Amino acid sequence: MALMATRTKLCRFLTRTLRPESSAFNFNGSMRPDPFHCSFSSASSAAAVAPQREPMGLEVLGVKDYDDYRRSLYGAITHKALLVDAVGTLLAPSQPMAQIYREIGEKYGVEYSEVEILNRYRWAYAQPWGRSRLRYVNDGRPFWQYIVSSSTGCSDSQYFEELYSYYTTDKAWHLCDPEAEKVFKALKTAGVKVAVVSNFDTRLRAVLRALNCDHWFDAVAVSAEVEAEKPNPTIFLRACELLGVKPEDAVHVGDDRRNDIWGARDAGCDAWLWGSDVYSFKEVAQRIGVQV
């Protein structure tokens, strides 16, 4: 009860002080309209997205003030565990989504241009997904079948299977930080527990294996399995439970202010914004107190 009261107090404080903003795009070719976040890797896609604004009040509540507030709640700030977002932080698509949808789709009769595919994709992704609050349930096939057919006008099952399988391979993805392996080894040696926390379907585990980085992590909390998507604090609490640590002893790193930063803080975790608070996993490790 005391822990819940503390988290509620922190949440109310942050809600009064800052207004979270959310970027609109990201994923393996996907777009995450609020509250699902995503950012495309292509320049043409990025140009279509308005720049992310700083939340109101950030100039009033600086990092030092937030750290002081956490100390008032939990005492000394400790980072016994690291939670890491997947797409946009740990890994990224290697090619623009619309390019892959078109290239693979050409032999199945897809005639739309990349611009048309991207626009249709954005429209489809923004539509309500039945009565479910979760888009990614288990392997996410029904959702992605709808997205692919809506984006390309092609409902060929062989096309879908080829495209769906492509996004489990190392051709589709690359690691964002080339020094990541060295850093995660150092964290493990130092006794810091690490988990991936991601809004993804169950293919994430195959993706991590394909990139040969699955052994870096002590746990994986994927929304399709937890049945809760960021910014819901449930997925962060589940990750901490899997690691055997208290939320206040964990820090989450992700690239979306609303899904990653505010979701983690609502769960009681510390949180750093990738590309703003930290720019590499080496910097993350150093802030935790681990030398690489």
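List of remarks:
- Restricting segment 102-140 to residues that are in contact with an Asp or Glu (Cβ under 8 Å, 6 or more places away or on another chain) and part of a helix (DSSP H, G or I), the residue that is nearest to Tyr166 (Cα to Cα) is Ile104.
Results for (1) in contact with a strand residue (DSSP E or B) (Cβ under 8 Å, 6 or more places away or on another chain); (2) of a type in the set (Lys, Arg); (3) under 17 Å from Tyr112 (Cβ atoms), shown as yes or no for each residue.
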{"position": "Val148", "(1), (2), (3)": "no, no, yes"}
{"position": "Thr152", "(1), (2), (3)": "no, no, yes"}
{"position": "Asp156", "(1), (2), (3)": "no, no, yes"}
{"position": "Glu161", "(1), (2), (3)": "no, no, no"}
{"position": "Ser165", "(1), (2), (3)": "no, no, no"}
{"position": "Ala172", "(1), (2), (3)": "yes, no, no"}
{"position": "Asp177", "(1), (2), (3)": "no, no, no"}
{"position": "Val183", "(1), (2), (3)": "no, no, no"}
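- Taken as a whole, the condition of being without any contact (Cβ under 8 Å) to a residue 12 or more places away in the chain, more than 30 Å from Ser165 (Cβ to Cβ) and part of a helix (DSSP H, G or I) does not apply to Glu248.
- In segment 49-95, the residues that are more than 29 Å from Glu241 (Cα to Cα), modelled with pLDDT of 80 or more and of a type in the set (S, T, N, Q): Ser94, Gln95
The values are calculated or read from the model by the stated rules, or taken from the named source; none is laboratory data. Being a predicted model, the structure only gives us computed values, none of them experimental. So basically every Cβ, Gly included, is an ideal-geometry build from the backbone, and we count neighbours across all protein chains shown.
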